[in-house]
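Remarks on the structure that follows.
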Amino acid sequence: DAEGGGGDGVATPPILASDLLLYPYQLYKLRLAGADAVSLVVGAVEQKDLLYLTKIASTVGLQVVASVTTEVQVGMLNLLSPGSVAAVVVSNRDLETYEFDTTGDQALRLLGSDELAAFRERNPDALVLAEGRVGIIERTDEDGGGVSYAGQLREGGASGAIVGGALATVKDEDVAEMLTAAL
């Protein structure tokens with residue numbers, strides 16, 4: 001359950017449903033299946049649908065994690081009531097091509113945007129996460145030296161990052177080195 005306990009003294013982890021959500025009935029089905037939170041891709045819905053889906057999610061006791069790829073999408077979140085979104089994920093993915101921005105600039109730009117600043121002001125308890133090649137993007141400073149992308153995300157205001165399958169293509173010792181540098 002949402003409080004992290006099943007009543008038997010054993011803590012259960014929260015369940016985030018990451019299906020592509022377009023219809024209200026999906027929220028009801030996911031809640032009945034045990035989900036505690038849902039991931040909404042803001043760029044996949046219109047403003048009126050985003051409002052409706054977040055209201056239904058709240059009604060059935062689901063937290064909303066909203067994934068955004070543009071400032072316009074962050075602006076859509078700003079039209080919702082404060083507290084409608086538990087977390088926002090700034091993504092390096094392009095929803096048109098479904099490819100990643102391999103430079104990491106997209107997420108950094110979103111983190112520094114006025115729209116996200118307004119969102120944070122209205123939703124001070126909401127987490128801000130980054131995703132999309134976070135563990136494998138290599139950046140350099142003005143002098144050509146290596147810079148921790150995860151560190152730049154943290155400096156930009158991200159509370160955490162979502163890492164995924166891209167790390168499976170990196171050697172174990174390189175992953176350990178990147179994680180150590182990020183912490």
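Accessible surface of the range 41-89, 1.4 Å probe: 56 percent of it comes from carbon and sulfur atoms.
Packing, as the average of other Cβ atoms within 10 Å across residues, places the peptides 124-130, 46-52 in the order 124-130, 46-52, highest first.
The values are calculated or read from the model by the stated rules, or taken from the named source; none is laboratory data. Values in this document were obtained by computation on a predicted structure and should not be read as measured data. Quick reminder, even Gly has a Cβ in these numbers, built from the backbone with ideal geometry, and neighbours come from all protein chains shown. Please note that ligands, DNA and RNA were not included when accessible areas were found on the heavy atoms of the full protein model with its side chains. Shrake-Rupley method; radii C 1.70, N 1.55, O 1.52, S 1.80 Å.
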